[in-house]
Each structure stands twice: as structure tokens, then as C-alpha cells.
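Working notes for the structure below.
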Amino acid sequence: MKHLTQQKMNSQSGFTLIELVVVIVILGILAATAAPKFIDLTGDARKSVIEGVEGAMNSATDMAHAKALVAGETGVGPISAAGTNITLVEGWPALTSLPDLLDLDSEIGVSGGMFYHKGASTPATCNVTYTDTASKNVKPNIVATVTDCS
């Protein structure tokens, strides 16, 4: 009887090291080929770029306005900023001068008052719009639209 008990104890069942390695390799191959199809982060990246452009516009607009106030220029300017003359509208940067204030990447396109991501399928759903002010006491309208940046 002792002999049978020892045989049962020595013959354990389970996976061999080779079987485990093969399964891990197969899972790695599947993850490398299937995961990118399920995890597409380009839309999120484009959204972040547009939100960054919106923040840069707000900062550049505020700084140019502050410089205009210090210079006593509350009309049409120009003021010197970023190595160029910036035209003003009621003391705020004009839309036509805004690209001179911003250091935009080549992935950002400009059409009128719309700054859009060139990689987005529809520029109207992944952009920042800038509208000149109508009053000295009102900041220009800067609005980001990031409903679909895929």
C-alpha cells in the first residue's frame, strides 16, 4: 500500500513549463495584433491638441491685451509682440494677427476664424474658433469644439 500512495504523490498533474511559455507567446501575439484595433487614442490626442490651442489663444490674447493697455493702445494698434506688429480690435488682438502670436504646429490648419486639426475627419467637429471683440471691455470669443476629433 505504501508504494501506491507514493506513486500518487509523485505524479502531480498540471501544465509543463513549455506549455505555459507557448500560451504566453500566443497571448502576446494576439495582444500585439488585436489591441491597437480596440484601443485607438488618436482622437483623444487630437482633442488634447485642440484644447492646448484654445489655452494658448487665451493666454496670447490676454498678454497682448495687457501689453496694449500698458502701451496706452486701446484702439486698433499696432503693438509690437512676438517680433512682429500686432493689429488690435478695441485693444484686443485682431484675428488676422493671431497666427503671429501663436507658434502653431503644422498639424493645425487655419480657415478664417477657425483653427482646426488637419488629421480630424471633419474640421467642424475638432477646432477652436476666434471671433474679434465688439467692445473694449469684452474679451474676444474663443470656443473649442471637440465633439469628434477622430
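Here are the numbers for the structure shown:
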{"item": "Pick from segment 126-150, criterion β-branched (Val, Ile, Thr) and under 15 Å from Ser48 (Cβ atoms), ranking: surrounded by the fewest Cβ atoms within 10 Å (Cβ to Cβ)", "result": "Thr147"}
{"item": "Of residues in segment 108-140 being part of a strand (DSSP E or B), in contact (Cβ under 8 Å) with a residue 24 or more places away in the chain and polar (S, T, N, Q), the one farthest from Met63 (Cα to Cα)", "result": "Asn127"}
{"item": "Among (1) over 30 Å from Cys126 (Cα atoms); (2) surrounded by 10 or more Cβ atoms within 10 Å (Cβ to Cβ); (3) modelled with pLDDT of 90 or more - the single one Thr74 does not satisfy", "result": "(3)"}
{"item": "Hits in segment 56-107 - residues which are free of Cβ contacts under 8 Å to residues at least 40 places away in the same chain and among the β-branched types (Val, Ile, Thr)", "result": "Val70, Val76, Ile79, Thr84, Ile86, Thr87, Thr96"}
{"item": "Criterion: hydroxyl-bearing (Ser, Thr, Tyr) and modelled with pLDDT of 95 or more - qualifying residue of Thr87, Thr122, Thr131", "result": "Thr131"}
{"item": "Segment 134-146, subset farther than 13 Å from His65 by Cα and at pLDDT 95 or above, residue nearest to the chain's Cα centre (by Cα)", "result": "Val146"}
{"item": "Output for segment 28-78, where each listed residue is of a type in the set (S, T, N, Q) and either over 17 Å from the mean Cα position of the chain (by Cα) or in a loop (DSSP other than H, G, I, E, B) (or both)", "result": "Thr33, Thr61, Thr74"}
{"item": "Checking Met57 against (1) of a type in the set (A, V, I, L, M); (2) at pLDDT 95 or above; (3) farther than 15 Å from Asp132 by Cβ, the condition it does not meet", "result": "(3)"}
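The values are calculated or read from the model by the stated rules, or taken from the named source; none is laboratory data. Keep in mind that what you see is a predicted model, and the values were worked out from it rather than measured. All Cβ positions, glycine included, derive from the backbone under ideal geometry; neighbour counts span all protein chains shown.
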